Amino acid sequence: MHAVIPFVTAALLFGLGVYGVLRRRNAILVLMAVELMLNAVNLVLVTADATVAAALGHRGGVFALFVIVLAAAEVGVGLAIVLQWYRMRAAVQVDEVALHHEAEVG
């Protein structure tokens with residue numbers, strides 16, 4: 001099996017994820033784009049494990065499992081933050097989030 005197809009697919013998935021993070025305003029869609037990027041990394045790790053593991057001596061499957069756990073934790077924490085933000089503001093637009101706390105006057 002040629003490893004080019006999974007690597008190209010992973011590159012396309014990662015590119016779509018980057019595009020989604022940079023262009024989307026909805027926090028849920030940004031989380032989905034991050035998941036797309038993490039899945040692209042998993043595809044690269046599993047493909048590298050199947051093709052070049054003997055030459056390198058490292059196993060990509062363990063790293064892929066770590067990325068899956070990281071993605072699950074990211075979704076759990078991210079959705080909790082987004083739900084709390086929605087309860088407070090009734091919107092999940094990322095450009096409306098104040099990144100700094102302004103000092104109150106008076």
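Figures for the structure shown
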| item | result |
| --- | --- |
| Equivalent-ellipsoid semi-axes of the stretch 5-100, from the Cα gyration tensor, Å, largest first | 32, 15, 8 |
| Centre separation in Å (Cα based) which lies between the stretch 1-30 and the stretch 54-94 | 15 Å |
| Estimated FRET transfer efficiency when R0 is 30 angstrom, pair Leu65-Phe7 (beta carbons, to 0.05) | 0.90 |
| Principal-axis tilt of helix 27-51 within the chain, Cα atoms, nearest 10 degrees | 10 degrees |
| Within the chain, longest stretch clear of exposed GluC sites (Glu not before Pro) (DSSP loop, no more than 13 other Cβ within 10 Å) | 1-101 |
| Fully extended contour minus Cα-Cα distance, from Arg24 to Ala90, at 0.36 nm per residue | 22.0 nm |
| Rg over Rh [alpha-carbon atoms, Kirkwood Rh] for the stretch 1-54 | 1.11 |
| Computed lengthening from Ala80 to Ala55, 0.36 nm per intervening residue step minus Cα-Cα distance | 4.8 nm |
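A short reminder: the numbers here are calculations on the coordinates, not readings from a lab. Quick caveat, the model's predicted, so the values are computed rather than measured. Note that we place each Cβ from the backbone using ideal geometry, even for glycine, and neighbour counts take in every protein chain shown.
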